[in-house]
1. Translational diffusion coefficient of segment 133-261 at 20 °C, 1.002 mPa s, Stokes-Einstein with Kirkwood Rh over Cα pairs, in µm²/s as a whole number.
2. Against the longest alpha carbon principal axis of the chain, how many degrees, from 0 to 90 and to the nearest 10, is the axis of helix 294-305 turned?
3. How large are Rg and Dmax for segment 258-303 when only the alpha carbon atoms are used, in Å?
4. Round to the nearest 10 and give me the degree value, 0 to 90, for the angle of helix 180-191's Cα axis relative to the longest principal axis of the chain.
5. Just from its helices, what would the mean residue ellipticity at 222 nm be for the chain, if runs of 4 or more DSSP H residues each count -39500 (n - 2.57) and the sum is divided by every residue, rounded to the nearest 500 deg cm²/dmol?
6. For segment 196-296, what is the convex hull (Cα atoms) projected area averaged across all directions, in square nanometres?
7. From Cα pairs below 8 angstrom and at least 6 apart in sequence, can you work out the relative contact order of the chain, rounded to a whole percent?
8. With an 8 Å Cα cut-off and a minimum separation of 6 or more residues, compute the relative contact order for segment 162-282 in percent.
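The values are calculated or read from the model by the stated rules, or taken from the named source; none is laboratory data. A quick note: this is a predicted structure, and the numbers were derived from the prediction, not measured. No Cβ is skipped: glycine too gets one built from the backbone with ideal geometry, and neighbour counts run over all protein chains shown. What goes into the accessible areas is simple: the full protein's heavy atoms, side chains included, and nothing from ligands, DNA or RNA. Shrake-Rupley method; radii C 1.70, N 1.55, O 1.52, S 1.80 Å.
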Amino acid sequence: MKTVNHWIGGKTVEGASGNFGPVTDPATGEVTTQVALASVEEVDAAVQVAREAFQTWGQSSLAARTKVLFAYRALLDANRDAIAELITAEHGKVHSDALGEVARGLEIVELACGITTQLKGELSTSVSNRVDVAAIRQPLGVVAGITPFNFPAMVPMWMFPLAIACGNTFVLKPSEKDPSAANKLAELAKEAGLPDGVLNVLHGDKVAVDALLAHPDVAAVSFVGSTPIARHIHTTASANGKRVQALGGAKNHMLVLPDADLDAAADAAVSAAYGSAGERCMAISAVVAVGSIGDELVQKIRERAEKIKIGPGNDPTSEMGPLITKAHRDKVASYVHGAAEQGADVVLDGTGYTVDGFEDGHWIGLSLLDNVKTDSDAYRDEIFGPVLCVLRAETYEEGVALINASPFGNGTAIFTRDGGAARRFQLEIQAGMVGVNVPIPVPVGYHSFGGWKDSLFGDHHIYGNDGIHFYTRGKVVTTRWPDPSEAPAGVDLGFPRNH
């Protein structure tokens, strides 16, 4: 059986703990790989390698860093398909989704290539007599990233390219469910010329995570995952004196007003709810239909959902793949099974879906729940699967109040032709990312990604300007030099005396 080991100091390092985790092909249910799970001692060894590398990398020139990043960008572009194939094999998402993930990660590499502009400081001259003040930003040291299973390439690339461009060294702890993409990213970074020890990949479970959170040589921690774990990461790392950005879960709403183009809204709802099998924190999982349009909108969503082809991710005709694990598949199904008991109308029930020839895969079909109540489990919890809830509201104000009552505030969208309503929504909605006739408002790389409320713990959003500020710290230097004409007697600097 294949073993995925750590990548430390620019080379593969075999796991020494004796503990391994299974990696499953979601389409077949077969365990194809085992991944080494790091001990506390192995975490310390990886951090020390990164710490030693920082002594040189942190002092390297911006020109040297960006030269590596430009080469890295070219290698990632040339290896898109290879990375996507690893994602499909271990996560299960279809190849087109996996390619899209790589493309969004590349955006942040491209942002990192332009770090020279982003790290420019500020200078004020002559604030007093011959006194200048400069503000500069410097790297933190060793920083860590803990990333989720649903985007095994994109989310790491939301972190480490900016971190290393800023002069830090990085220890990445990817999900143990689909670890191979992270190793591939690190191998390509070495091929691009990144010095050994600047980017390290350490595989593990809670033991490794807690060791990173407690390690005195880790200056900052970036995390993307569920809200309970994000809260734990933030609380624990902060208590250990670390800078933390911890992005949590979501329950993203799409408000559809009576004047909206319902065909466009239905297309968007299907794409945003069921793409990547609903396993993304920016998925639309709740549609709020305003006024009398609810029945028509639900019918249009149903017609489109019934046409989605589900199958293995490496089948080019598949539009949606399986879920990551059997346990997760069963948990998602439980929400659909309990929905009717809690007052919802089950318009589509995908829990009995299987694929011929792949009966042991982690399959689930598309589910559509109508007239969902706000106190039901299917609405309150982040399901993280292909389940779309439809709620009804009589007015715009009622719909906004419903959305703002959610403890989550990651992303949200409004569908309308009314510019005034859209403007009000942008200002009144309590969420970090807003789409107007855009169902998944993930910002481009030079704007920052992050939510409000229980969707984010910490002060900084990820990537963009927030990401650069997170991976650096400011320093202000006040300087006063005597005028050369005031040189001590006997020292001639070649400047004329002023009399």
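1. Working: Rh = 15.8 Å.
Rounded, D is 135 µm²/s.
2. 80
3. 10.7, 31
4. Roughly 30 degrees between the two axes.
5. -11500 deg cm²/dmol
6. If you wrap the Cα atoms of segment 196-296 in a convex hull and average its projections, you get 9.5 nm².
7. The value is 18 percent.
8. Values: 114 pairs, mean separation 21.5, N = 121.
Contact order relative to length: 18 percent.
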